[in-house]
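Here's the structure we're looking at; comments come further down.
Any read-out appearing in this document is the output of simple, stated calculations on the displayed coordinates, not a laboratory observation. Here the structure is a predicted model, which is why all the values come from computation and not from measurement. Positions of Cβ are backbone-derived with ideal geometry, glycine not excepted, and every protein chain shown enters the neighbour counts.
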2 protein chains.
Amino acid sequence: MRLDFQVTVLGSNSAIPSHGRNQTSQLVNIANNFLLIDCGEGTQIQLRKFKLKFSKIDFIFISHLHGDHYFGLMGLISSFHLNKRRKLLTIFGPNGLDEIITVQLRHSNTRLNFPLRFVPTNPENKALILEEKDFKVFSFPLKHRIPCTGFLIQEKHGLRNLIKEKLMESKLPIEAIRHLREGKDFTDEEGNVLYAVEDYAYPKRKIRTYAFCSDTIYDPQIIPYIAGADLLYHEATFGNDEEHRAAETFHSTAAQAGKIAKEAGVSRLLLGHYSTRYLDLSPILDQAKAEFPESYLSEEGITYSID
Amino acid sequence: MRLDFQVTVLGSNSAIPSHGRNQTSQLVNIANNFLLIDCGEGTQIQLRKFKLKFSKIDFIFISHLHGDHYFGLMGLISSFHLNKRRKLLTIFGPNGLDEIITVQLRHSNTRLNFPLRFVPTNPENKALILEEKDFKVFSFPLKHRIPCTGFLIQEKHGLRNLIKEKLMESKLPIEAIRHLREGKDFTDEEGNVLYAVEDYAYPKRKIRTYAFCSDTIYDPQIIPYIAGADLLYHEATFGNDEEHRAAETFHSTAAQAGKIAKEAGVSRLLLGHYSTRYLDLSPILDQAKAEFPESYLSEEGITYSID
């Protein structure tokens, strides 16, 4: 059994909510840890609509301080408070987000029921910002009009699956089984291998990663950060005919998202952050696919597995 | 023809959006002036859903700084900006709202395309805060956990309707007609009345008022501010069985809203700010009606005329 690793899209539109599309937000489930990435206005309403238990969210990641990526955050914090949350909430985001939160709590005279920890992200360099039992999260710089980071969520090697038939052959002590599942040979006190992990466990699997890039101008410098990701979310605000407008606003076109996916050698590309000018998104998809066939439109309420 | 005067409810729930109900917000149309009162999260989405042209909004009134009354404001301001608004927006609200707005504009590095004027409300005394050609707005103190005001929107006497038959009888100069419509007698240079307004115009009509009270503990001291209103919106967060909880949280029950309406001699009462604990609102309505028969549940998307 592999650990759960999937992303549910809560918002796919840029700038202004329109065509029934909400602003950027995604819920990542990794090994039953729930991570929220960005939090546009109405994110808590989307979470409820899709029957996602938002009390399970312990980590929130905000890419940058344009409102379409965080205007839903205070509402979510407030609902956690009103729902009598007690456990720690950790928010990762650009410097300044702490001031935005603090000012609003102060003016509403709110003392949260739960501890809130704020961790500022570094918009200049890749950094490991969270390490838990089953996963790590890195932030890395994106080029946008204001300081902005992407996020890379990476599973850690979990326990190895053991080969049932081999276990049946020999009666292994519990201690040996624990070692083998952790991927270590079991040895005696002199260091002689009694049970070798290669004999008893299936091979290591590839470490899966999810890379999230929004918002960004077309920027091949991000490729080392996202290379080989199993799933890449890359903004595709504009169609190819708006390449000039994309550059001017520090956004990307569909083809540019496809190019980044291809050059980074990812497995699949998820598009999003669509401009309000597009009601029909099929040209966006087609333009990305022309560069990178494994392109998909992100759609609200849909869960994308990362395998 | 009377001037338009109506209120469209955009949100009716308290604290947390639930049961498909949004947080407090109302759009008032008075003589084709559009006033937004309170602005819970998702208000801009509600405006779009009900096909209300939000570019027409020139005045926003925020009662207090609990998030369910203003978390949608930044999103709305941001959408005005992105939609290339140029005209003045005036926001009335408690001290501190200016800081909340300014901090967020600063961190997103936004210079708005349009002038934004902030007018702090006075939570201690009734005050005239806006006077336009066709209407006035007053704020008045409400008793809540943090500084909070209600708002009273009052039409001014518009032009008088003239009696057609009387006009046909005598050929009045244009100047005289203008005077009569403005409710003034038309005189010669010595001050002799040539055409008396009582002879040529229909009687003055009652000045219509809409009073908005949210959030507030049961407080008969507000009665002088809202006495005789044609329509009173008064919060009814709780059912009568939660009177203790209502007092504790500085909110009102349905019966208390009804009592205020009765004692203030208003024509109609609109209930709202329902607690998330109520899926079925009919007990709230029944309890208010037991005190004041002309009680109505506010429902999102419904427009209530003020006559």
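Counting only residues 5 or more places away or on other chains, whose amide H sits under 5 Å from the amide H of A:Gly93 once H atoms are built in the peptide plane?
Amide H to amide H, under 5 Å and 5 or more residues apart or across chains, A:Gly93 pairs with A:Ile62, A:Val119, A:Thr121.
How high is the FRET efficiency from B:Gln6 to B:Asn192, r the C-beta distance, R0 30 Å, rounded to 0.05?
Details: r = 43 Å, r/R0 = 1.43.
Using R0 = 30 Å, I get an efficiency of 0.10.
Calculate one ³J(HN,Hα) per residue across the range A:216-225 by plugging θ = phi - 60° into the Karplus curve 6.51 cos²θ - 1.76 cosθ + 1.60, and present them in order as whole Hz with x for glycine and proline.
7, 5, 4, 8, x, 5, 7, 4, x, 6
DSSP loop (so not H, G, I, E, B), at most 16 other Cβ within 10 Å: list which GluC sites (Glu not before Pro) in the range B:250-307 pass both filters. Write out the running numbers ahead of the final one.
On the way: sites: B:Glu263, B:Glu291, B:Glu294, B:Glu299, B:Glu300; in loops: B:Glu294, B:Glu299, B:Glu300.
Loop-located and lightly packed - B:Glu294, B:Glu299.
Using the Karplus curve 6.51 cos²θ - 1.76 cosθ + 1.60 with θ = phi - 60°, what ³J(HN,Hα) values do you get for each residue of the range A:49-54, in whole Hz, with x for Gly and Pro?
Ordered by residue, 3J(HN,Hα) equals 4, 8, 6, 9, 6, 7 Hz.
Hey, what's the Kirkwood Rh for the range A:158-307 if you take every pair of different alpha carbons, in angstrom?
Working: mean 1/r = 0.0553 Å⁻¹.
Computed over the range A:158-307, the radius equals 18.1 Å.
Which lysines, on any chain, are close to B:Lys171 with Cα under 24 Å apart, when same-chain ones fewer than 8 places away are left out?
By straight Cα distance, B:Lys171 reaches B:Lys184, B:Lys204.
Which of A:Pro293, A:Pro203, A:Pro220 ends up with the largest GNM mean-square fluctuation for chain A, with Cα atoms connected below 10 Å?
Most flexible of the set in this elastic network: A:Pro203.
Using alpha-carbon positions, what is the distance between the centroids of the range A:146-181 and the range B:165-183, in Å?
94
Extending each Cα 7 Å along its Cβ direction at A:Lys56 and A:Ser170, get the distance between those two points in nm, one decimal.
A separation of 3.9 nm, rounded to one decimal place.
Would you please state which residues of the range A:154-175 a label at A:Asp199 would reach in this model, taking the label point 7 Å out along Cα→Cβ and a backbone N cut-off of under 12 Å?
From the range A:154-175, the list is A:166-167, A:169-172.
Calculate the FRET efficiency for B:Glu243 and B:Phe118 from the Cβ-Cβ distance with a Förster distance of 45 Å, rounded to the nearest 0.05. Provide the component values of the computation, followed by the final result.
Numbers: r = 37 Å, r/R0 = 0.82.
Working from the Cβ atoms, E equals 0.75.
If you place +1 on the Cβ of every Lys and Arg, -1 on the Cβ of every Asp and Glu, and leave all else neutral, what size is the dipole of the range B:2-55 about its Cα centre, to the nearest 20 Debye? Numbers along the way, then the final one.
Values: 6 positive and 3 negative charges, 47 e Å.
About 220 debye.
Could you give the alpha-carbon Rg of chain A over 2.2 N^0.38 Å, rounded to two decimals? Write down the numbers at each step before the final one.
On the way: Rg = 21.6 Å, N = 307, 2.2 N^0.38 = 19.4 Å.
That ratio works out to 1.11.
For the protein assembly as shown, give the magnitude of the charge dipole about the Cα centre (Cβ charges: +1 Lys/Arg, -1 Asp/Glu; no others), in debye to the nearest 20. Before the final figure, lay out each step's value.
On the way: 74 positive and 76 negative charges, 32 e Å.
The dipole magnitude comes to about 160 debye.
Scan around B:Phe135 for amide H atoms under 5 Å from its own, H built in the peptide plane at 1.01 Å from N, and keep only partners 5 or more places away or cross-chain.
B:Lys156
Suppose every Lys and Arg Cβ carries +1 and every Asp and Glu Cβ carries -1, with no other charges. What dipole size does the range B:96-143 come out with about its Cα centre, to the nearest 20 debye? Show your work: numbers first, answer last.
Details: 7 positive and 6 negative charges, 15 e Å.
Here the range B:96-143 has a charge dipole of around 80 debye.
Distance in nm between label sites at B:Lys143 and A:Thr90, each 7 Å beyond Cα in the beta-carbon direction?
4.6
List the trypsin sites (Lys or Arg not before Pro) within the range B:91-141 that fall in a DSSP loop (any state other than H, G, I, E or B) and whose Cβ has at most 10 other Cβ atoms within 10 Å. Let's see the in-between values first.
Working: sites: B:Arg106, B:Arg111, B:Arg117, B:Lys126, B:Lys133, B:Lys136; in loops: B:Arg111, B:Lys126, B:Lys133.
Answer by residue number: B:Arg111, B:Lys133.
Can you give me the C-alpha center-to-center distance between the range A:232-269 and the range A:23-38, rounded to a whole angstrom?
Measuring centre to centre over Cα atoms gives 22 Å.
Kindly write out, for the range A:14-28 in residue order, the coupling ³J(HN,Hα) from the Karplus curve 6.51 cos²θ - 1.76 cosθ + 1.60 (θ = phi - 60°), rounded to whole Hz, with x marking Gly and Pro.
9, 6, 10, x, 7, 6, x, 9, 9, 8, 3, 5, 9, 10, 9
Which parts of the range A:115-159 would a label at B:Asn109 reach, counting a residue when its backbone N lies under 17 Å from a point 7 Å out along Cα-to-Cβ?
The answer is A:121-125, A:141-150, whose backbone nitrogens lie closer than 17 Å to the label point.
Amide H to amide H under 5 Å from A:Ser252: which residues, 5+ apart in sequence or cross-chain, H placed 1.01 Å off N in plane?
Those qualifying (amide H under 5 Å, at least 5 residues apart or on another chain) are A:Thr216, A:Thr237, A:Phe238.
Which angle from 0 to 90°, rounded to the nearest 10, does the C-alpha axis of helix B:254-264 make with the longest principal axis of chain B?
Long axis of B:254-264 versus the principal axis of chain B: about 20 degrees.
Under a straight-distance cross-link criterion of Cα-Cα below 15 Å, which aspartates and glutamates are reachable from A:Lys143, leaving out those fewer than 8 residues away in the same chain?
Correct list for A:Lys143: A:Glu124, A:Asp215, A:Asp219, A:Glu235, A:Glu248.
Take the Cα atoms of the protein assembly as shown, find their three principal axes, and give me the spread along each one in whole Å, biggest first.
Principal extents (largest minus smallest coordinate, Cα): 122, 59, 34 Å.
Where Rh is the Kirkwood radius over the Cα pairs of the range B:218-307, the temperature 20 °C and the viscosity 1.002 mPa s, what D in µm²/s does Stokes-Einstein return?
167
So between B:Ile207 and B:Ile177, what do we pick up on full extension, going 0.36 nm a residue minus the alpha carbon distance?
Contour length minus Cα-Cα distance gives 8.6 nm.
If I model a spin label as a point 7 Å beyond the Cα along the Cα-Cβ vector, how far apart are those points for A:Lys49 and A:Asp286 in nm?
For A:Lys49 paired with A:Asp286, the spin-label model returns 2.8 nm.
Over all directions, how big on average is the projection of the convex hull of the alpha-carbon atoms in the range B:73-227, in square nanometres?
Working: hull surface 57.4 nm².
Its Cα hull, projected and averaged over all orientations, spans 14.3 nm².
Using only the alpha carbon atoms of the range A:10-146, find the Kirkwood hydrodynamic radius as the inverse mean reciprocal pair distance, in angstroms to one decimal. Intermediate values should be presented prior to the final figure.
Details: mean 1/r = 0.0648 Å⁻¹.
Hydrodynamic radius (Kirkwood, Cα only) of the range A:10-146 equals 15.4 Å.
Set the Förster radius R0 to 25 Å, insert the Cβ-Cβ distance between A:His157 and A:Thr303 as r into 1/(1 + (r/R0)^6), and round the FRET efficiency to 0.05.
Efficiency, from the Cβ-Cβ distance: 0.55.
Could you tell me which of the pairs B:Lys136/B:Lys206; A:Lys84/A:Lys156; A:Lys49/A:Lys156 are separated by over 23 angstrom between their Cα atoms in the structure shown?
Values: B:Lys136/B:Lys206 15 Å; A:Lys84/A:Lys156 32 Å; A:Lys49/A:Lys156 31 Å.
Correct reply: A:Lys84/A:Lys156; A:Lys49/A:Lys156.
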